[in-house]
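Structure first, then comments.
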């Protein structure tokens, strides 16, 4: 039995209330495909049975459904160009303008940590060449499950095959059975916490660079503006915001200036308040 209109509306309303993610009509297949495994695990014959239990207030299933529908695609060094810009342009710029020699980076909506750890690998290449500087990466995600996975720093063979550069696998990972565990020096650069982008950031220090990639596309217009306001409040003037390739601050927040750096586009905080 396919997901009916009333059940789709119920699920998407719940997701919006919990995460601010806006799943519009046309996403029925996505919702059903992600919920079908949960329905089977719960002993239901179809997603409709799962939604019936959600309506009755099954808290554990509700958490599982929210987790399934807010977990997005991730991989190592995804799309490559923003990471090239990070090494070649962003790090040198923020280092030059830093008054503390402490570089803080926020990986927002970090999922299971591949983006944050990719940045950490680049930092461990950069820091020895720039003595006196230190760095910290904070990753946040709305999903407690993803935060715990990021903290565990354990990845399957399939996951390390997705975009990880071979020299980094040799240098920064140890094999444990069929899995790969990140070595401690890399893990020490990163901290992971739960965070909802639709609310003010808690525990995120003033940052020099924010990666918020392929996230705004899931929000409606008012929520996009709210999220950018929260980002701007922790990003220092002159710092950089890195969005997904199809995302922009245009007509959302005038405090950001679009810049092309090689094949990457980034947005610089001009110091304005939107």
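The values are calculated or read from the model by the stated rules, or taken from the named source; none is laboratory data. None of these values were measured; they are calculated from a predicted model. Cβ placement follows ideal geometry from the backbone for every residue including glycine, while neighbour counts extend to all protein chains displayed.
So how many residues does segment 194-211 have that are modelled with pLDDT under 95 and assigned to a strand (DSSP E or B)?
Residues that pass the stated criteria total 1.
Looking only at residues in segment 39-69 that are over 18 Å from residue 9 (Cβ atoms) and within 23 Å of the chain's Cα centre (by Cα), which one is surrounded by the fewest Cβ atoms within 10 Å (Cβ to Cβ)?
So, considering only residues that are over 18 Å from residue 9 (Cβ atoms) and within 23 Å of the chain's Cα centre (by Cα), the one surrounded by the fewest Cβ atoms within 10 Å (Cβ to Cβ) is 63.
Out of 90, 23, I need the residue that is surrounded by 15 or more Cβ atoms within 10 Å (Cβ to Cβ), over 30 Å from residue 120 (Cα atoms) and either touching a helix residue (DSSP H, G or I) at 6+ places or on another chain (Cβ under 9 Å) or in contact (Cβ under 8 Å) with a residue 12 or more places away in the chain (or both). Which one?
On the way: 90 fails: over 30 Å from residue 120 (Cα atoms).
Result: 23 is the single residue among 90, 23 that is surrounded by 15 or more Cβ atoms within 10 Å (Cβ to Cβ), over 30 Å from residue 120 (Cα atoms) and either touching a helix residue (DSSP H, G or I) at 6+ places or on another chain (Cβ under 9 Å) or in contact (Cβ under 8 Å) with a residue 12 or more places away in the chain (or both).
List the number of the failed condition for residue 127; all other conditions in (1) over 25 Å from residue 68 (Cα atoms); (2) touching a helix residue (DSSP H, G or I) at 6+ places or on another chain (Cβ under 8 Å) hold.
(2)
Scan segment 29-41 and tell me whether some residue there is within 17 Å of residue 111 (Cα to Cα) and in contact with a helix residue (DSSP H, G or I) (Cβ under 6 Å, 6 or more places away or on another chain).
The initial filter retains those residues of segment 29-41 that are within 17 Å of residue 111 (Cα to Cα), namely 34.
Filter once more, so that each one left must be in contact with a helix residue (DSSP H, G or I) (Cβ under 6 Å, 6 or more places away or on another chain): 34.
Yes, segment 29-41 contains at least one residue that is within 17 Å of residue 111 (Cα to Cα) and in contact with a helix residue (DSSP H, G or I) (Cβ under 6 Å, 6 or more places away or on another chain).
Mind checking which residues of segment 93-120 are more than 24 Å from residue 152 (Cβ to Cβ), touching a residue at least 24 places away in the same chain (Cβ under 8 Å) and not in a helix (DSSP H, G or I)? Can you show your working first?
First, the residues of segment 93-120 that are more than 24 Å from residue 152 (Cβ to Cβ): 93-103.
Right, trim to touching a residue at least 24 places away in the same chain (Cβ under 8 Å) and you get 93-95, 97-98, 101-103.
Selection gives 98, 101, 102, 103.
Report, by residue number, each residue of segment 121-138 that is assigned to a helix (DSSP H, G or I) and touching a residue at least 40 places away in the same chain (Cβ under 8 Å).
As a first pass, look at segment 121-138 and keep what is assigned to a helix (DSSP H, G or I): 121-129.
Result: 121, 123, 124.
Examine segment 249-262 for a residue that is in contact (Cβ under 8 Å) with a residue 60 or more places away in the chain and out of contact with any strand residue (DSSP E or B) (no Cβ under 6 Å at 6 or more places or on another chain), and state whether such a residue exists. It would help to see each step written out before you state the result.
Step one: list which residues in segment 249-262 are in contact (Cβ under 8 Å) with a residue 60 or more places away in the chain, which gives 261-262.
From the residues that got through so far, the ones that are out of contact with any strand residue (DSSP E or B) (no Cβ under 6 Å at 6 or more places or on another chain) too are 261-262.
Looking for residues that are in contact (Cβ under 8 Å) with a residue 60 or more places away in the chain and out of contact with any strand residue (DSSP E or B) (no Cβ under 6 Å at 6 or more places or on another chain), one finds at least one in segment 249-262, hence yes.
With respect to residue 136, determine if the residue is out of contact with any strand residue (DSSP E or B) (no Cβ under 9 Å at 6 or more places or on another chain) and under 27 Å from residue 231 (Cα atoms). Spell out the reasoning first.
Numbers: out of contact with any strand residue (DSSP E or B) (no Cβ under 9 Å at 6 or more places or on another chain): no; under 27 Å from residue 231 (Cα atoms): yes.
No.
So residue 160 ticks every box in (1) crowded, with 21+ Cβ neighbours inside 10 Å; (2) more than 14 Å from the chain's Cα centre (by Cα); (3) in the same structural domain as residue 231 (by TED's automatic domain parsing) but one. Which box is left unticked?
(1)
Mind checking which residues of segment 141-154 are outside any helix (DSSP H, G or I) and out of contact with any helix residue (DSSP H, G or I) (no Cβ under 8 Å at 6 or more places or on another chain)?
Within segment 141-154, the subset outside any helix (DSSP H, G or I) is 141-143, 153-154.
The one that is outside any helix (DSSP H, G or I) and out of contact with any helix residue (DSSP H, G or I) (no Cβ under 8 Å at 6 or more places or on another chain): 154.
Quick test of your reading of the structure: residue 179 fulfils all but one of (1) buried (at least 18 other Cβ atoms within 10 Å of the Cβ); (2) farther than 18 Å from residue 234 by Cβ. Name the failing condition by number.
(1)
Could we say that residue 15 is touching a helix residue (DSSP H, G or I) at 6+ places or on another chain (Cβ under 8 Å), in a loop (DSSP other than H, G, I, E, B) and buried (at least 18 other Cβ atoms within 10 Å of the Cβ) here? Write out each step before concluding.
Working: touching a helix residue (DSSP H, G or I) at 6+ places or on another chain (Cβ under 8 Å): yes; in a loop (DSSP other than H, G, I, E, B): no; buried (at least 18 other Cβ atoms within 10 Å of the Cβ): yes.
No.
Being within 19 Å of residue 120 (Cβ to Cβ), surrounded by fewer than 19 Cβ atoms within 10 Å (Cβ to Cβ), in contact with a strand residue (DSSP E or B) (Cβ under 8 Å, 6 or more places away or on another chain) and without any contact (Cβ under 8 Å) to a residue 24 or more places away in the chain is the requirement here; does residue 193 meet it? Let's see the steps before the verdict.
Numbers: within 19 Å of residue 120 (Cβ to Cβ): yes; surrounded by fewer than 19 Cβ atoms within 10 Å (Cβ to Cβ): yes; in contact with a strand residue (DSSP E or B) (Cβ under 8 Å, 6 or more places away or on another chain): yes; without any contact (Cβ under 8 Å) to a residue 24 or more places away in the chain: no.
Judged against the criteria, residue 193 is not a match.
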